[in-house]
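Student: Structure in structure tokens, see below.
Bear in mind these aren't lab numbers, they're just calculated from the coordinates by the rules spelled out. None of these values were measured; they are calculated from a predicted model. Note that we place each Cβ from the backbone using ideal geometry, even for glycine, and neighbour counts take in every protein chain shown.
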Amino acid sequence: EVQLVESGGGLVQPGGSLRLSCADSGFTLSSFWITWVRQGPGKGLQLVATINPDGRLRYYGDSVEGRFTISRDNAKNSVYLQVSSVRVDDSAIYHCATHNDWRLANWGQGTLVTVSS
Amino acid sequence: QSALTQPPSASGSLGQSVTISCTGTSSDVGGYKYVSWYQKHPGKAPKLMIYEVNNRPSGVPDRFSGSKSGNTASLTVSGLQAEDEADYYCFSYAGTKHYIFGGGTKLTVL
């Protein structure tokens, strides 16, 4: 069974950067599309970025395009989200999920990113 | 692209049924069979409840069902139980590898 675990969240100042990680210790992620989804305080789910299994195809939500970068290292069974030039409204819990067959089947518990000076 | 339209709230009594709608356009909900629904309890990971409009993953109770008519998809929860109280989100394919969430509906079990 896929069990995703996110890490790397924390407190960051506006304009700063963080790298979030998504891994599964017991299952290979290399065959999965992976999507990052976030939920800001009091807000709904928002799709952030998606990457295909070999890492060549990447898609971004409008609000993060040009600031965030999704990548993966299949040798390390991990997917990353580099969040840069962060703004206060990027504060959220960031979840990763497997995204095959047009659905988000397996999710992690998320990692909290707080943007504040 | 704007979020799919869901009612902010819905409610029903224990044992009753409730239906949550998700309205989009012919470019997303109406154009594809790839609508899924997610349950979100506070502090928990979202959980896939319905995929491809009306399919339930293994382990999801058959009290949960989905349907679609035109540009509107619906999630029905029958025989409401206390643990069904949560936020529910629809999610649709919108073409060319784009996807869109609904704004979410808070379901209260009375």
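Student: If you add up the charges near B:GLU52, with Lys and Arg at +1 and Asp and Glu at -1, over every other residue whose beta carbon is less than 12 angstrom from its beta carbon, what do you get?
Tutor: Every neighbour counted, the sum reads +3.
Student: Could you tell me the extents of the range A:57-117's C-alpha atoms along the three principal axes, largest first, rounded to whole Å?
Tutor: In descending order, the Cα extents are 38, 25, 24 Å.
Student: On to the next question. Tell me whether the range A:1-115 comes out rounded, prolate or oblate; compute the Cα gyration tensor, take square roots of the eigenvalues as a ≥ b ≥ c, and use a/c under 1.5 as the rounded threshold.
Tutor: Prolate shape, in that a/c is at least 1.5 and a/b is the bigger ratio.
Student: Shifting gears a bit: Kindly provide log₁₀ I(q)/I(0) values, in the same order as q = 0.14, 0.20, 0.21 Å⁻¹, from the Debye equation applied to equal alpha-carbon scatterers of chain B.
Tutor: The Debye formula, applied to the Cα set alone, gives -0.49, -0.99, -1.09.
Student: Which of the aspartates and glutamates could a cross-linker span from B:LYS106 if the Cα-Cα distance has to be under 17 Å and same-chain partners fewer than 8 positions apart are dropped?
Tutor: B:GLU83, B:ASP84, B:GLU85, B:ASP87
Student: Using amide H atoms built 1.01 Å from N in the peptide plane, name the residues 5+ places from B:THR108, or on other chains, whose amide H lies under 5 Å from its own.
Tutor: Amide H neighbours of B:THR108: B:ALA10, B:SER11, B:GLY12.
Student: What percent does the relative contact order of the range B:1-41 come to when contacts are Cα pairs within less than 8 Å and at least six residues apart?
Tutor: It comes to 32 percent, rounded to a whole number.
Student: Placing +1 on the Cβ of each Lys and Arg and -1 on the Cβ of each Asp and Glu in the protein assembly as shown, which of B:VAL77, A:GLN46, B:PHE64 has its Cα farthest towards the positive end of the resulting dipole?
Tutor: Working it through, the farthest residue towards the positive pole turns out to be A:GLN46.
Student: Could you put A:ARG72, A:ARG38, A:ARG58 in order, starting from the residue whose Cβ has the fewest other Cβ atoms within 10 Å?
Tutor: Listing A:ARG72, A:ARG38, A:ARG58 from fewest to most nearby Cβ atoms yields A:ARG58, A:ARG72, A:ARG38.
Student: GNM on chain B, C-alpha springs below 10 Å: top fluctuator among B:LEU75, B:LEU14, B:LEU48?
Tutor: In the Gaussian network model the winner is B:LEU14.
Student: Calculate the dipole size of chain A relative to its Cα centre from +1 charges on Lys and Arg beta carbons and -1 charges on Asp and Glu beta carbons; express the result in debye to the nearest 20.
Tutor: It works out to roughly 180 debye.
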